[in-house]
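Okay, structure first, notes after.
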Amino acid sequence: MIHPAPPPTLPAATSPAQPIASVRWDGDAPVVIDQRIVGCDRVAANGDTANKIVTYSLAVLARRHGIPFYVAGPRTTFDIETADGTAIVVEERGPDEVRCLGGRASAPALTEVWNPAFDVTPVDLIDAFVTDVGVIEPPYGTTIRAALERSGDGSAATAGPVDSAPDHRSSVAEPFITTPTTPFCVPPATATVASGSQNPWP
């Protein structure tokens, strides 16, 4: 993905909006973002798409700035047995992934955490799917099924929770707020705050 012109740029994950709204320059040539292409972990029969967290935000930003938003993935990510995104169970990752950094506490131990592994982008924000069986365009309720039938693969992904980290997943039957029970996160005896004073945790 490295090309001489324009050179690639790696933006901070916390600043997805500004690169879309800004114009940078490569010599005398303006460099703008004119489309978004993301991957997918599961696509429901109607086109609602589960993918890594922040994908939904990127789709909203693309629509706001009038640039096309494409989803790329193989036919095996399409699950025509799942009607829409409301039926996709998105599991949540362990709270210490947020409360800790490098094995050290970045927040008090009992801080409540909501840490979904994925989000679901509504179909009306997706301009097309780029797949190994061709480009699929609206109306997805019929074109997705037709594309899978043409490929001889009428059933794709098996329905179930969308999750990429089984070791950290929380059961959907349990609260997603949990108290750490492992030494994964080690609170410091004291933490220095901006003023220079000592603030003991927890």
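If you take the beta carbon distance between Gln18 and Asp127 as r and set R0 to 30 Å, what does 1/(1 + (r/R0)^6) give as a FRET efficiency, to the nearest 0.05?
On the way: r = 22 Å, r/R0 = 0.74.
That gives a FRET efficiency of 0.85.
Modelling each spin label as a point 7 Å along the Cα-to-Cβ direction, I'd like the Leu101/Val31 distance in nm, to one decimal.
That separation, rounded to one decimal, is 2.7 nm.
With viscosity set to 1.567 mPa s and temperature to 4 °C, compute the Stokes-Einstein D of the stretch 18-80, Rh being the Kirkwood radius across alpha carbon pairs; µm²/s, no decimals.
Details: Rh = 13.1 Å.
In µm²/s, the coefficient is 99.
Remind me, what semi-axes does the stretch 1-146 give for its equivalent ellipsoid, largest first in whole Å, using sqrt of 5 times each Cα gyration tensor eigenvalue? Write out the running numbers ahead of the final one.
Details: eigenvalues 152, 139, 32 Å².
They are 28, 26, 13 Å, listed from largest to smallest.
Given H placed 1.01 Å from N in the peptide plane, which residues other than close sequence neighbours of Arg42 have an amide H under 5 Å from its amide H?
Long-range HN contacts for Arg42: Ala50.
Using 1/(1 + (r/R0)^6) with R0 = 30 angstrom and r between the beta carbons of Ser151 and Ile67, what's the FRET efficiency to the nearest 0.05? Before the final figure, lay out each step's value.
On the way: r = 29 Å, r/R0 = 0.97.
Efficiency, from the Cβ-Cβ distance: 0.55.
Bear in mind these aren't lab numbers, they're just calculated from the coordinates by the rules spelled out. All values derive from a computational prediction rather than experimental measurement. Glycine gets a Cβ as well: all are built from the backbone with ideal geometry, and neighbour counts include every protein chain shown.
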